[in-house]
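Report on one structure; see the data block that follows.
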Amino acid sequence: MAPDVNSTAPSLPRRVPRHVAVIMDGNGRWAERRRRPRAIGHRAGARAVNVCIDFCLERGVEALTLFAFSSENWGRPEDEVGALMKLFMTALDREVDELERRGVRVRFIGERERFGDTIRARMDEAERRTAGNTQLHLTIAASYGGRWDIAQAARALAEDVAAGRLRPEEIDEAMLGARVCLADVPAPDLFIRTGGDTRISNFLLWQLAYTELWFTELLWPELDAVTLQRAFDAYALRERRFGLTGAQIAAQGESAA
Ligand code: FPP
């Protein structure tokens, strides 16, 4: 992973988030306001994904995690789920060359078994082809839920206990944290949600414990660099205390300088 981007080029904002996590909400409403099918909104949403990736690459963000399809989204009308699956396939076919060329490593988190064979094969291929890239770690959360993630980590711990590799009294936060998704990247610094709702909606429940949250009324297909910069500027002004006092954080900053 690249060195801490917060201390590099002086032209960058003072504190650039290392890891940005995004709920891309509002595709359906964007389409409905135009009296178009919701699938058209998702297509427009796929274009906004590129805006977000470009912005993160330009700013030196190390990791970007996008919530593309939740565990609960399987319950949407069949035609909408079908349209989203088609869109994922097209996007995988169309974008992987470019992502590979730009140094983006792509990974998927979530219950991959629930997707059809063809999509799963495309996901595997995208991961394989970009595995050596380091410019940006792009994670697509698909068929993902934060509760599922914690449950699968708990199951992995239980398997270790059952196999005699671990004693229950040895289990601590770090052990669970090592088994949830994204354990190999820093926890998200900045969470962005478009679409006006101010909730986490079963996204990275474990990983967002100390993440700075930022919400906008803007619908996902309307996303632009100006909006992302607003989010980054707001983030740069936040005091992150991680449960400590402001004075303690200030003292840490002085001793590190
Ligand atoms: C939420 O908007 C969005 C989704 C469920 C799908 C997100 C998918 C994309 C942005 C397109 C492609 C993504 C990739 C990674 C290629 P919503 O439908 O809930 O909108 P609403 O709240 O207005 O109904």
Please work out the average accessible area per residue across region 144-257, using the 1.4 Å probe convention, and give it in Å². 54 Å²
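Under 8 Å for C-alpha pairs, at least 6 residues apart: give me the relative contact order for the chain, rounded to a whole percent. Display every interim value, and only then the final one.
Values: 383 pairs, mean separation 67.8, N = 257.
RCO, the chain: 26 percent.
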Residue-ordered couplings for region 202-210, obtained by feeding phi - 60° into the Karplus form 6.51 cos²θ - 1.76 cosθ + 1.60 and rounding to whole Hz (Gly and Pro as x), are 6, 7, 5, 4, 6, 6, 8, 3, 10
Square roots of 5 times each gyration tensor eigenvalue, C-alpha, region 93-183, largest first, Å: 31, 15, 11
Send over the per residue convex hull volume for region 12-84, Cα only, as a whole number of Å³. 101 Å³
Exposed-site-free run, longest, the chain (rule: GluC sites (Glu not before Pro); DSSP loop; at most 14 other C-beta within 10 Å): 1-216
log₁₀ of I(q)/I(0) at q = 0.31 Å⁻¹ - region 177-228, Debye sum with one point per alpha carbon: -1.21
Counting only residues 5 or more places away or on other chains, whose amide H sits under 5 Å from the amide H of Phe108 once H atoms are built in the peptide plane? Ile140
Of every hundred units of 1.4 Å-probe accessible area on region 51-136, the number belonging to carbon and sulfur atoms, as a percent, is 46 percent
Quick check for you: with a 1.4 Å probe and neighbouring chains kept, what is the accessible area per residue of region 88-138, in Å²? 54 Å²
³J(HN,Hα) across region 69-81 via Karplus (A = 6.51, B = -1.76, C = 1.60, θ = phi - 60°), whole Hz, x for Gly/Pro? 7, 8, 3, 6, 5, 4, x, 5, x, 3, 5, 6, 4
Mean separation of Cα contacts under 8 Å, 6 or more apart, over the residue count of region 148-257: relative contact order %: 20 percent
Helix-only CD estimate at 222 nm, as mean residue ellipticity for the chain, using -39500 (n - 2.57) per DSSP H run (n ≥ 4): -14000 deg cm²/dmol
Need one number: convex hull volume per residue for region 66-118, Cα atoms only, in Å³. 88 Å³
Taking only the alpha-carbon positions of region 125-257 and ignoring solvent, what does the Debye formula give for the base-10 log of I(q)/I(0) at q = 0.10, 0.14 Å⁻¹? -0.49, -0.92
Using a 1.4 Å probe on the protein chains only, how many percent of the accessible area of region 143-205 belongs to carbon and sulfur? 52 percent
What number results when the radius of gyration of the chain, computed over Cα atoms, is divided by 2.2 N^0.38 Å? 1.05
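The values are calculated or read from the model by the stated rules, or taken from the named source; none is laboratory data. Everything numeric here is computed off the predicted structure, so don't read it as measured data. Positions of Cβ are generated from backbone atoms using ideal geometry, with glycine treated the same way; all protein chains shown enter the neighbour counts. These accessible areas exclude ligands, DNA and RNA; they are computed on the full protein's heavy atoms, side chains included. Shrake-Rupley method; radii C 1.70, N 1.55, O 1.52, S 1.80 Å.
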